[in-house]
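The values are calculated or read from the model by the stated rules, or taken from the named source; none is laboratory data. Keep in mind it's a predicted model, so treat the numbers as computed, not measured. Quick reminder, even Gly has a Cβ in these numbers, built from the backbone with ideal geometry, and neighbours come from all protein chains shown.
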């Protein structure tokens, strides 16, 4: 297999924003996270603010995530060095008050921000901003936060799986698909300024909380390499939109973040129904994706493709352009 994509080895992936934890999980203590093979530490220098850096004190390389906060300063647990919100050392206990702090006493900081209830990190100069999702917090929409889930497979495989209508009939035969309806239309795929968009319509056997057959019109916007906004329109006017972020912990481990936006109310369809449905769907996907060969190739001759695979093909072409710097 040629041209295998390993995201940790491609610098361009460091230039996109990824959620790394829920904002609720960042409170009074520093938190360790891992992104693209890098160990990071996040902390709150003050309420409502977030700072991030490589999880390594420049003094003796201790893990700063094992430290604590003192008046918003990140304190190293080894020798008590303190760092401000910008990662610059503000106090070294071993120095006299009159001694200058060494200029190299600073952390390797990373871009960090909060949006949509998540803490986001970008390791390098961002190529795109964190996307605007108009329905989030808009009147007439509700947000259902789903639990973060760890997947033992490369992040691009999860995005591609969500672009693939052909697997529904078989992988999800116990939830909303049926092997008796294997034929799906060839999706419309267009290139967008931030990635690509796929559109298809398929019959399904059920939807969250409702076991009656219906039709799903699915519009998937892939924004950057590993974020998808998936809008599902049903014939009765209900809209179910998934914000799905696939954060690459490393080349073979992915942390999935997902929030569902619904145009109906809790009385119309309880959030518990949405959560239970998606939990089942994820497990069905996991049973196929995690045991699969993790070698994700961008060379289109390495695997057999059909016309119905057009979204997957265009997604791999998009990734290849990113890697090639186009």
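Exactly one condition in (1) part of a helix (DSSP H, G or I); (2) over 18 Å from the mean Cα position of the chain (by Cα) is not met by residue 301; state its number.
(1)
Name the residues in region 186-205 that are in a loop (DSSP other than H, G, I, E, B), touching a residue at least 60 places away in the same chain (Cβ under 8 Å) and surrounded by fewer than 22 Cβ atoms within 10 Å (Cβ to Cβ), would you?
If the condition is that a residue be in a loop (DSSP other than H, G, I, E, B), touching a residue at least 60 places away in the same chain (Cβ under 8 Å) and surrounded by fewer than 22 Cβ atoms within 10 Å (Cβ to Cβ), then 186, 194 are the ones that fit.
Could you list, in sequence order, all residues of region 211-228 that are buried (at least 21 other Cβ atoms within 10 Å of the Cβ) and either in contact with a helix residue (DSSP H, G or I) (Cβ under 7 Å, 6 or more places away or on another chain) or modelled with pLDDT under 95 (or both)?
The answer is 220, 222, 225, 226, 228.
Restricting region 58-97 to residues that are part of a loop (DSSP other than H, G, I, E, B) and in contact (Cβ under 8 Å) with a residue 40 or more places away in the chain, which is nearest to residue 110 (Cα to Cα)?
85
In region 262-271, is there at least one residue being touching a strand residue (DSSP E or B) at 6+ places or on another chain (Cβ under 9 Å), part of a strand (DSSP E or B) and at pLDDT 95 or above?
Within region 262-271, the first condition is being touching a strand residue (DSSP E or B) at 6+ places or on another chain (Cβ under 9 Å), and the residues that meet it are 262-266, 268-269, 271.
With part of a strand (DSSP E or B) added as a condition, the list becomes 262.
If we keep only those that are at pLDDT 95 or above too, we end up with 262.
Looking through region 262-271, at least one residue is touching a strand residue (DSSP E or B) at 6+ places or on another chain (Cβ under 9 Å), part of a strand (DSSP E or B) and at pLDDT 95 or above.
Sort out which residues of region 24-57 are closer than 23 Å to residue 6 by Cβ, assigned to a loop (DSSP other than H, G, I, E, B) and touching a residue at least 60 places away in the same chain (Cβ under 8 Å), and write them in order of number.
Selection gives 36, 37.
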